[in-house]
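Take a look at the structure below.
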Amino acid sequence: MNFDFNPCDEVGHTGDEDWGGTFWNSLDLWIRHADDAGTIHQGPMEGIDNWFYARVRNCGSSSAQHFMVTFTVKPWAGTEFVYPADFITCAAATGGFELAPDEEKIVSVKWPAPSVPPAGTHSCLLASAIARGDHP
């Protein structure tokens, strides 16, 4: 399995290599104020539960029987984030099952209100898809 969060960010990107595009503006990661299946990003709202969403695509040639997606929120440090150090500890995680080659699924998980940063905070959303036998 080879997972990709950015199949639409750059024409020709297959997910097989590190992606050098605008990593700070992924079409495949977003926040919602409710678990309403919406696909338009809403800025995080302090004081309420928010919801992390990710569109995950299997770019590999075999099915993923199961996978996990972890979400992390980090303050912007002025540099690109590095895996795995910047992706640990996660704020939330969710799983999925049966993701065929070239198939995509949208997953969501609650971002509890106490961990949502205050309004005006410049934080970045990071996510990692993990499947047994696959490099995240």
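Data for the structure
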| item | result |
| --- | --- |
| S128, S63, S115 arranged by Cβ crowding within 10 Å, fewest neighbours leading | S115, S63, S128 |
| Gain upon complete extension [C124, A37; 0.36 nm per residue less C-alpha separation] | 29.2 nm |
| Inter-label distance for A100 and Q65, nm, one decimal - labels placed 7 Å from Cα along Cα-to-Cβ | 1.9 nm |
| Likely footprinting exposure, D28, D49, fewest C-beta neighbours within 10 Å first | D49, D28 |
| Computed over segment 67-107, the ratio Rg/Rh where both radii use C-alpha atoms and Rh is Kirkwood | 1.07 |
| Likely footprinting exposure, K105, K74, fewest C-beta neighbours within 10 Å first | K74, K105 |
| Enclosed volume per residue, in Å³, of the convex hull spanned by Cα atoms of segment 33-136 | 109 Å³ |
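Just so you know, all these numbers are worked out from the coordinates, no wet-lab data involved. Quantities reported herein were computed from a predicted structural model and do not represent experimental measurements. Note: ideal-geometry Cβ built from the backbone for every residue, glycine included; neighbour counts use all protein chains shown.
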